[in-house]
Structures are given as structure tokens and as C-alpha cells.
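Here the structure comes first, spelled out in C-alpha cells, and everything after it is commentary.
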Amino acid sequence: MNLTPHTKPLSPGATLGVLGGGQLGRMFVHCAQTMGYKTAVLDPDPQSPAGLVSHFHLVNDFTDQDALAKLAQLCDAVTTEFENVPAQALDKLSKLIVVNPSGLAVSIAQDRIREKQHFINCNVPVAPHVFINSEEDLRTVGVPHLPGILKTARLGYDGKGQIRVRNLEEVSDAWLKLKGYSGSPMPCVLEKLLPLELECSIILGRKSNGQIVHLPPQRNIHRDGILALTQVHDGCLSSSLSLKIIEYAKSIANELDYVGVLCIEFFVLNNGNDSQDPFSLVVNEIAPRPHNSGHYSVEACDVSQFELQVRCLTDMPLISPRQHSPALMLNLLGDLWAQVDQINDSQDQSLSWREPDWQAILNIKGAHLNLYGKASPRLSRKMGHITFTGDSVTELYHNLAQATRILGIAPFDKP
Ligand code: ADP
Ligand code: MG
């Protein structure tokens, strides 16, 4: 809940702040600046992608009280792009200026245990699970949870902080391993490993008056626990599934009294031919910010997820985004920069880095290259993405196949 409600909408010329300087912050900053706002970024990394393009960049930690006070002085309103920002930082700022989303909403999204409890309160189905806070809780693990995935309650992302387990012994080992990372008891959730038919997500914007608008639900393909491709076109998701996604998403946002942009990730399960309802929907997790799966909206919709973030933050009118082109979004991980070289005639290999062939990519019709300006590539690091737009779905997949061939990415199938 916002402690400081807007008295009136913030017009262009005002300064908007963002906690976190990653690629989501960078795209927020670009969008806010296009709309005539000034921007300020708080991020300790002097080379942060958003800090590099912002009017102001406070190179400080998120817990630095002086930096938070300075940010409040500089800005008329502040949002976040970074899930693990301390909720106390948002709470502190909200006593001084407009802040959304709230510290409360962010703190729930940061903790898989509170998050699951929230979904259950909203009557939205979740995977069978058990919370593991202590050694004793391991005894509550049973057949309904196995095989499963043990996930740390906090600080997991891109498949990190998760271990797949087949039996009780593996759960105990995994618990010790995850605990080992932090050195102290690590609350976890053990989730049943579900047979996924597909994964999808939706991005919505909600204002303090309760108004909600959303992007069309999108279908996501993950590889190694990391989003690889987002598909948003006819034939991706049935209309009955889309309606259910929208209904659940609204209920999750309303119950949180959420203000800002929210992404909700879902799993779709195949119930088999015997069931009356062939597919069921299970909520996975939420992200209290724009999301990788919504990047396509920049080129394929008339209101992007970042424009929704600006409009929510400034309390400007929310209008329903319209998708004007079918879209695909291909993530570009640091692996594409890596080149494995054989050392002389030996078995040894060395890793060097080189730029992918951007000239060939930019030769593809309807391919929109987005690079985040990160100082150096690393394996699994999100370095950029390509959005494909075009007249037809067939054309999109033709162009995607061309790009994956150039980049050396395994091909994707059309749904
Ligand atoms: P992260 O915070 O890393 O995105 P997720 O919980 O979304 O964590 O898990 C990452 C991916 O792992 C999911 O997108 C999905 O592909 C797979 N996954 C997670 N939980 C389950 C589950 N219960 N059953 C099957 N696959 C899962
Ligand atoms: Mg996820």
C-alpha cells in the first residue's frame, strides 16, 4: 500500500528514479526519457547498463541511507527494476516520495513461501509443495512432492538456487547443499516436478485506483532454467487459457493492492485425454517489475511494458496496450560471445570472447537488436535480445531460424 498517495499525476519534466541499474532499468530509463521525464538510477556498479544512460546515477549500495535520502531529494517518484532490492529501502523512500510497487508487495515476491501463501489466499492453483525451514521439516516430505525441485525461498533467479531431487535422500543432500551456500538455515520450498505442457506469463499494470491493463499473455520456452524464447502470436495459447491467465493475474494483483507493473508466470499441465478439462493452469511465481518475457512489447505493441511502468508510477492514464504485430523474442546470453579454442594439439581448451555477427543479424527483416551495454560477457549472462516482428507467423519463424543459424543457437519449433 502506498503511504504517500499521488496528489496529482506527475507530468513530463518530473524526475523518476529506479532502484537497480540492470537492463530492465535501462529500458525503463530509455522509455521515461522518450516521454520527457528525467531519470535517476541507484546502483553500486559504476558501469551499470541503466546508470550509463541516466541523467543521474548514484553509485551507492541499496542500503546506503544517505544515498536513499539523496534519491528522494532528486526524484518525484521511485520504482524498482530489481527484485532483490531491500524492501526496507522502498519503505524508507515511501515516507518521503511516491514509491511503487510497495515494499510489502516486493517483500512477498522475494520470498517463495509468502508468495505461495498469497497465491493460495487468492484461490489460484499452485504446484504440490512443502515448506522446509528446518531439519525436522524434512520429515514432512512425502510421495506427493517427489520427484521434485528444492528451491531456496529467497534470492533465486534464472534457475539458480534450485536442485532437482528424486527421493528423500536427495532432498536431504540438496537441503544441506543449499544451506551450505549461506552458512545458516536456508528456508526452502520443495515443489513437485510437474509435467509441463508449456510455460506462459502475463504482464499487467495496475494503478492505485485499482485500474488494470495488461499485455497479451505470452508463451515462454526455457532452456537450462533460463528464458530462451518468448512467443506472442495466434496459435500460441488458446483463448480459454488466455482468459484464465488474465483472471488469475488480476486476482493476484488485486489481493496485493499492487501498484505498478507486475509479471505473473504460469505452468500449463496436460491433464490427459480422460479429463474434461484438457489443460490446467498453475501459477509459478511473480516478478514485481517488467519482465524479460515482456520485452517484445517495445516493438510489437503500441504501449510497452516500460511505458506501463512510467504511466503507473506517474499516475498517468492507463490505456490497454494493442499488439500490432505478431512477435518472437530471442534472448542473447553471454555464451554466444564465447569461443572455445583448442590449445595446440593437446586436449586442453581455452575460452576467448568475440562479438557475434551483428551485420548478418541486422540483415534480417523485422529483427530488432537490443544490446544492454554490459561491460563484459559471461556464460549465462543476459547480454541482449532480438525481437522479431513481421506480417505473418511463418515469416517470423523463418527469420528466427536464420538468426539461430547465424548465432549457433539450437532451433525452435513453431507451436
Ligand atoms: P526462477 O526464479 O529461476 O525463474 P522458477 O521457479 O521460475 O525460478 O524456475 C525456473 C524454471 O524451472 C521454470 O521456468 C521451469 O521451466 C522450471 N521449473 C520450476 N519449477 C518447476 C516445477 N515445479 N515443475 C516443473 N518445472 C519447473
Ligand atoms: Mg521463473
With -39,500 (n - 2.57) per DSSP H segment of 4 or more residues and division by the full residue count of the chain, the 222 nm estimate, nearest 500 deg cm²/dmol, is -8000 deg cm²/dmol
Order the following by accessible area, largest value first: Y248, Y296. Probe radius 1.4 Å; ligands, DNA and RNA are ignored.
Y248, Y296
Within the chain: Cβ-based charge dipole about Cα centre, in debye rounded to nearest 20 (Lys, Arg +1; Asp, Glu -1)
660
Distance in nm between L379 and T63 label points, each 7 Å along Cα→Cβ, equals 3.1
Area accessible to solvent at E255, 1.4 Å probe radius, in Å²:
120
The size of the Cβ-based charge dipole (Lys, Arg +1; Asp, Glu -1) of the stretch 15-109 about the Cα centre, to the nearest 20 debye, is 240
Long-range amide H partners of R381 with built H, under 5 Å:
G334, D335
Sites matching GluC sites (Glu not before Pro) across the stretch 99-157 that sit in DSSP coil, with at most 14 neighbouring C-beta atoms within 10 Å:
E135
So for F267, F119, what's the accessible-area order with a 1.4 Å probe, most first?
F267, F119
Can I get the semi-axes of the stretch 238-330's equivalent ellipsoid? Compute them from the C-alpha gyration tensor as square roots of 5 times the eigenvalues, in angstrom, largest first.
27, 17, 11
So, with +1 on the Cβ of K and R and -1 on the Cβ of D and E, and no other charges, what is the size of the charge dipole of the stretch 128-192 about its Cα centre, to the nearest 20 debye?
200
Below 18 Å, Cα to Cα, which lysines can K207 reach? Residues fewer than 8 away in the same chain don't count.
K8, K250
Just read off the accessible area of K38 with the full protein assembly in place, 1.4 Å probe, to the nearest 10 Å².
80
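The values are calculated or read from the model by the stated rules, or taken from the named source; none is laboratory data. Predicted, not measured: the structure shown is a model, and the values here were computed from it. Note that each Cβ is placed from the backbone with ideal geometry, even for glycine, and that neighbours are counted across all protein chains shown. Areas reflect the complete protein model, heavy atoms only, side chains present, ligands, DNA and RNA absent. Shrake-Rupley method; radii C 1.70, N 1.55, O 1.52, S 1.80 Å.
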